[in-house]
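The values are calculated or read from the model by the stated rules, or taken from the named source; none is laboratory data. Since the structure is predicted, the reported quantities are computational estimates derived from the model, not experimental observations. Using ideal geometry, Cβ is built from the backbone for each residue, glycine included, and neighbour counts are taken over all protein chains shown. Surface accessibility is based on the protein's heavy atoms, side chains included, excluding ligands, DNA and RNA. Shrake-Rupley method; radii C 1.70, N 1.55, O 1.52, S 1.80 Å.
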Amino acid sequence: MTKYNTSHLLESVVRLTSLRDQHSLEICLIKTLQGLIPASQIMLFEISGESGKQMLRLLVDADSAHRGRVPEAEKHIIPRCVEDDPDLMQCFTTGQQLVSTEDDGSGVRVIHPIAGVNGIAGFLTVRSGAFVEKDQEVAASFLHIYQNYLQLINDSEHDTLTGLLNRKTFDERIMAIMAAHRAGQRRAADNKAMQCCLAILDIDHFKKVNDQFGHLYGDEVLLLFAQIMSRTFRDDDQLFRYGGEEFVVVLKEVDLTTGLAVLERFRKAVEAYHFPQVGNITASVGAVTISEQDLPTTIIGQADQALYYAKENGRNQVCAYERLLQEGKLTGMVPSQGDIELF
Ligand SMILES: Nc1nc2c(ncn2[C@@H]2O[C@H](COP(=O)(O)OP(=O)(O)OP(=O)(O)O)[C@@H](O)[C@H]2O)c(=O)[nH]1
């Protein structure tokens, strides 16, 4: 039986909880377990519901020999959806840890369920020569620490009302988004393929909604507005609540023409939506393409100028900074920090 050293266990907890991003946490969890319990293979899966099926995504596979890579020979044994694997399916339905003997008699596979908001959200699977209860208790405990800590990180990154990423996360991520964009542009032969578009989306006359219907209805409008955003934009676009009734979207890999078409589709979706009690509202949008030499403050300043123009010239429209410059409707002067409404 494995002997556990208390200071080693505590060091592992400290290491795990010193990380801030999900993928590093996932890798650290698996590596920690590898160091603590004898296992021939440890895998972490996430479940995503697609086209009515519970699809599986392998987040991390770490068997010490292959340093996190799935060996070619083993790829065929990785199920694509939960129902492909009866044991995973049983664990999914019961929500209980499951131990099964390998078909070839080589050992056991222990499946630990990962609880999410709407049921089982993933699995940790541990393959080893034999079932050792104490080892699996350690695995389950570390899985709980990982889940609790991940929840804390998620809470601190998201806006409580709308569930979108919050302003703090925007400030932290915008530098990384722009650095990744710069690196991508340098790699891409055709720069257009790597263009990104940032837009500020602002509800028109939102103060009137609050004044006329009260803050509770105002809050509901914000929540439903965020849901329209989530439905309209792609999963890998990043959505933020930037301020009170101001939202930001970073559209990945689109040129300005495509970005404007997507934003126009969003504007129309808002215009057509019937908000309970409040009825119809509209939104104005200021957009800009992210170019290599720009600083985050410049990008936000330019999108804000386009938004300001949209507001001043009738609202309920999408305006792009570059187009306004070309048409001579903006001077290209970047407003000082004090002109940008910061939340
Ligand atoms: N209900 C609710 N209201 C908020 C929240 N955050 C900010 N607000 C309100 O949003 C309103 C924003 O008002 P303004 O900045 O004047 O903008 P507006 O009325 O939308 O006018 P335009 O943007 O010019 O079309 C203010 O009344 C804020 O109190 C929130 O979390 N919930």
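Have a look at VAL82, VAL70, VAL99, VAL108 and point out the one that is modelled with pLDDT of 95 or more, open to solvent by less than 40 Å² (accessible area, probe 1.4 Å) and not polar (S, T, N, Q). If you could, list the steps in order and put the result at the bottom.
Numbers: VAL82 fails: modelled with pLDDT of 95 or more; VAL70 fails: modelled with pLDDT of 95 or more; VAL99 fails: open to solvent by less than 40 Å² (accessible area, probe 1.4 Å).
Every option except VAL108 fails the conditions.
Please enumerate the residues belonging to the range 210-231 that are open to solvent by less than 20 Å² (accessible area, probe 1.4 Å) and within 18 Å of ARG267 (Cα to Cα). Give the derivation first.
Kept after step one, since they are open to solvent by less than 20 Å² (accessible area, probe 1.4 Å), are these residues of the range 210-231: 218, 221-222, 225-226, 228-229.
Hits for the range 210-231 are VAL221, LEU222, PHE225, ALA226, ILE228, MET229.
On the basis of being within 20 Å of VAL288 (Cβ to Cβ), of a type outside the set (Val, Ile, Thr), touching a residue at least 40 places away in the same chain (Cβ under 8 Å) and part of a helix (DSSP H, G or I), does GLY259 make the cut? Steps first, please.
Values: within 20 Å of VAL288 (Cβ to Cβ): yes; of a type outside the set (Val, Ile, Thr): yes; touching a residue at least 40 places away in the same chain (Cβ under 8 Å): yes; part of a helix (DSSP H, G or I): yes.
So GLY259 passes the test.
Which is at pLDDT below 95, more than 30 Å from THR17 (Cβ to Cβ) and not in a helix (DSSP H, G or I), of ARG182, ARG234?
Details: ARG182 fails: not in a helix (DSSP H, G or I).
Criteria check complete, one pass: ARG234.
What single numbered condition from (1) of a type in the set (Phe, Trp, Tyr); (2) under 16 Å from LYS31 (Cβ atoms); (3) surrounded by fewer than 20 Cβ atoms within 10 Å (Cβ to Cβ) fails to hold for PHE142?
(3)
What tally of residues in the range 88-119 results from selecting those that are assigned to a strand (DSSP E or B) and either within 25 Å of LEU36 (Cα to Cα) or charged (D, E, K, R) (or both)?
Taking the range 88-119 first, the residues assigned to a strand (DSSP E or B) are 98-101, 108-116, 119.
If we keep only those that are either within 25 Å of LEU36 (Cα to Cα) or charged (D, E, K, R) (or both) as well, we get 98-101, 108-115.
Counting residues in the range 88-119 that are assigned to a strand (DSSP E or B) and either within 25 Å of LEU36 (Cα to Cα) or charged (D, E, K, R) (or both) gives 12.
Considering only the range 272-292, I want to know if a residue exists there that is in the same structural domain as ALA306 (by TED's automatic domain parsing), more than 24 Å from LYS168 (Cα to Cα), more than 13 Å from the ligand (Cβ to nearest atom) and not in a loop (DSSP other than H, G, I, E, B).
Yes; the residues of the range 272-292 include at least one that is in the same structural domain as ALA306 (by TED's automatic domain parsing), more than 24 Å from LYS168 (Cα to Cα), more than 13 Å from the ligand (Cβ to nearest atom) and not in a loop (DSSP other than H, G, I, E, B).
Residue pairs, Cβ under 7 Å, 6 or more apart or interchain, first in the range 149-169 and in contact (Cβ under 8 Å) with a residue 60 or more places away in the chain and open to solvent by less than 30 Å² (accessible area, probe 1.4 Å), second among the small types (Gly, Ala, Ser) and part of a helix (DSSP H, G or I). List them.
THR162/ALA226; LEU164/ALA226
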